[in-house]
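What follows is a single structure, written as structure tokens, with notes after it.
The values are calculated or read from the model by the stated rules, or taken from the named source; none is laboratory data. Owing to the predicted nature of the structure, the values given are computational and were not obtained by experimental measurement. Cβ placement follows ideal geometry from the backbone for every residue including glycine, while neighbour counts extend to all protein chains displayed. Quick note on the areas: whole protein, heavy atoms, side chains included, nothing else; ligands and nucleic acids left out. Shrake-Rupley method; radii C 1.70, N 1.55, O 1.52, S 1.80 Å.
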Amino acid sequence: SRGHQPMISNDRKIIIAFNGEIYNAFDLKPDLESRGITFRSDTDTEVLLNLYLVYGQEKMLKLINGMFAICIIDLNKQKIILTRDRLGIKPLYIARLDNQILFASEVKSFLYHPNFRLNLNIESVNEFLTFRYCAKDRHLLSNVESLEPGHWIDISQTGDINRYKYWSIPDMGKDSNISLNDAVEKLSVNLEKSVKRRLLADVKIGCQLSGGIDSTLINLFASKNTDNINAFSVVFKNQKLSEESWIKEASEYAGVLPNLYELNSDYFCNNLEKASWHLDQPINHPNSIGLMFLAENASKHVKVLLSGEGADELLAGYSRYYFSNIRSFVLPMLSGINKLIPSFGTNYLQSFGVGIDNINYFIMASAFTDLNTIKKIFPSYNYEEVLENRRAQFFKSKSKQHIANCLKYDMQTYLVDLLIRQDKMTMAFSLENRVPFLDHEFVEFVRLKLNISHFILRYRGHKKSQWVSRSTKVALKDLASKYFNDRFVYREKSGFGIPLVSFLKNPLFNERVKDELIPGIKNRGVIDSKYINKLWSNIDQISRFELEALWVSLSLEIWLKQFENPTILE
């Protein structure tokens, strides 16, 4: 009860409300006590409050390690100060009305304000259909913005907003001279340190376990440093998509207790609205419902989950990094082959983006569907504008290390959206999700102490079929190979797939699409309902790109319908 929020200073001049976790709060507490501060609770909120009182906003932020959205009302300065953590693990939104500023950790909060209006931002729809999310401070609603990671703002009595950047993902320094073996050793020490930080809690902790090396390493280090770790996983009846055999193998490697839950089409279709409501945006990734299903089941056993989110973006786990890395080497060779065998060379030149520079090639490689399909569902689509915005906003780095810049781009864009998904799907069941790979000190170590050859190579190994798997996320895979066999470590990356077509063909959902969602899309007039109806009628024959377009169109309609009538899930 002594830790309830909002919390107020003794002089009643400073008020704080805080969402998240400060992992080093109790390391900082003795210093405050030596300065005469008396604590009335054992909460990190009270540590934050007193750090602000003693050191002020800027030094407080330098001192703390954690995930957070913080509101401080400073009556001495007559200001409200809003802060979001360095990597964007915790969300924070702002809505600007005519003479009011609203802020919340959930967009749906704004719906209950009498002056808030639901207005779709058509420019953001462009971006959403391309990448399945909106980056930087943008949102699908025109009067809503996200506070960017690593930023804080202050709002004065007059409504003026000042914006400050207190942290950014470091550009990679000059090539480090440390060997790959040394890099792996240091990676291990720093990752385990990050995991241990996140095991501090007065509630029971578990781990997500997908069966990949990222989550398996987190489980392994968690198990080494505490007893009886429960791991939670989602599996499917469809064995082509289910990672069940890898999950069981991973749990044995890591020494954790596996808990497997089978996701079926009934749960998927019956919880679309609920997932969309909690997500605060359309369900861009269908596997978000799988994550919600995992959280619902895990919450019966634990209150905190550790996950492997962030490893791919920080340490180069996606194939697009590999292909971007070999372009400058491959394109000249393909041009020569094209002169000798035009049909062979032309096809490969197109797949490697001939005539496109490295930055545009990578941005396009991170899109989720092809441009022609988006144009069919959204006739006013303007890809050039989306591309130029992304390029101008996220490729300003002075670093000449292209792959390092690509990693930074993904960490500022795609990763932030994945973190929002993790946070909201777990918090829907009062579960706190912690991400050891995104401890800011670990991120700084990776970006400043390692070099790009520790992440990605042109080719590694003898078999061409394994070049991608052996040449990406190099140091982390070398670390994993100390504990797991090569078959486990170097298998082809699969991700968290969902049998989407079979799930969508659930009879109840099929009825809803025809009677409610496609007519709703038609009435709204944003997406081409005729083309969506065509895709739905031929769902067994459509391409992967067309399925992506169909999914985002339906999920956009589900979300807008919900937010227009927010009482439906109260």
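The conditions of being closer than 17 Å to PHE429 by Cα and in contact with a Lys or Arg (Cβ under 8 Å, 6 or more places away or on another chain) are not met by SER265.
Determine whether region 28-49 contains at least one residue that is acidic (Asp, Glu), open to solvent by less than 30 Å² (accessible area, probe 1.4 Å) and in contact with a helix residue (DSSP H, G or I) (Cβ under 8 Å, 6 or more places away or on another chain). Show your work before the answer.
Step one: list which residues in region 28-49 are acidic (Asp, Glu), which gives 31, 33, 42, 44, 46.
Checking which are open to solvent by less than 30 Å² (accessible area, probe 1.4 Å) leaves us with 44, 46.
Of the ones still in play, those that are also in contact with a helix residue (DSSP H, G or I) (Cβ under 8 Å, 6 or more places away or on another chain) are 44.
Yes, region 28-49 contains a residue that is acidic (Asp, Glu), open to solvent by less than 30 Å² (accessible area, probe 1.4 Å) and in contact with a helix residue (DSSP H, G or I) (Cβ under 8 Å, 6 or more places away or on another chain).
Does region 1-47 hold any residues that are among the polar types (S, T, N, Q), closer than 25 Å to SER105 by Cβ and either at pLDDT below 95 or part of a loop (DSSP other than H, G, I, E, B) (or both), and which are they? Passing the criteria: SER1, GLN5, SER9, ASN24, SER41, THR43. Counting only residues that are free of Cβ contacts under 8 Å to residues at least 60 places away in the same chain and open to solvent by less than 10 Å² (accessible area, probe 1.4 Å), which one in region 97-133 is nearest to ILE70 (Cα to Cα)? In this case the residue turns out to be PHE110. Assess whether LYS274 counts as being within 28 Å of ALA25 (Cα to Cα) and open to solvent by 30 Å² or more (accessible area, probe 1.4 Å). Taking the combined requirement at face value, the residue does not satisfy it.
One residue stands out among those in region 200-236 that are outside any helix (DSSP H, G or I) and either without any contact (Cβ under 8 Å) to a residue 40 or more places away in the chain or among the acidic types (Asp, Glu) (or both): the one that is nearest to SER288 (Cα to Cα), which is VAL235.
As for region 402-413, it holds no residue that is modelled with pLDDT of 95 or more, of a type in the set (Lys, Arg), open to solvent by 50 Å² or more (accessible area, probe 1.4 Å) and under 24 Å from ALA183 (Cβ atoms).
Considering only residues that are touching a helix residue (DSSP H, G or I) at 6+ places or on another chain (Cβ under 9 Å) and in a loop (DSSP other than H, G, I, E, B), look in region 151-167 and name the one that is most open to solvent (accessible area, probe 1.4 Å).
TYR166
Please indicate, with yes or no, whether at least one residue in region 171-192 is farther than 29 Å from LYS248 by Cα and either among the basic types (Lys, Arg) or assigned to a strand (DSSP E or B) (or both). Yes, the conditions are met somewhere in region 171-192. With respect to the conditions (1) on the phi > 0 side of the Ramachandran plot; (2) at pLDDT below 65, GLY355 lacks only one, and its number is (2). When LYS375 is tested against (1) open to solvent by 20 Å² or more (accessible area, probe 1.4 Å); (2) at pLDDT below 90; (3) more than 27 Å from ALA316 (Cβ to Cβ); (4) not acidic (Asp, Glu), exactly one condition is not met: (2). If only residues of region 519-570 that are open to solvent by 20 Å² or more (accessible area, probe 1.4 Å) and among the aliphatic types (A, V, I, L, M) are counted, the one that is farthest from HIS139 (Cα to Cα) is ILE542. Given the conditions (1) of a type in the set (S, T, N, Q); (2) within 17 Å of the chain's Cα centre (by Cα); (3) assigned to a helix (DSSP H, G or I), which single one is not true for ASN433? If we test ASN433 against (1) of a type in the set (S, T, N, Q); (2) within 17 Å of the chain's Cα centre (by Cα); (3) assigned to a helix (DSSP H, G or I), just (3) comes out false. Taking GLU309 as the residue in question, decide whether it is modelled with pLDDT of 95 or more, under 30 Å from ALA201 (Cβ atoms), charged (D, E, K, R) and not in a helix (DSSP H, G or I). Answer is yes for this residue. Does ILE205 fit the bill of being open to solvent by 10 Å² or more (accessible area, probe 1.4 Å) and either out of contact with any Ser or Thr (no Cβ under 8 Å at 6 or more places or on another chain) or under 29 Å from SER399 (Cβ atoms) (or both)? So ILE205 does not fit the description; no.
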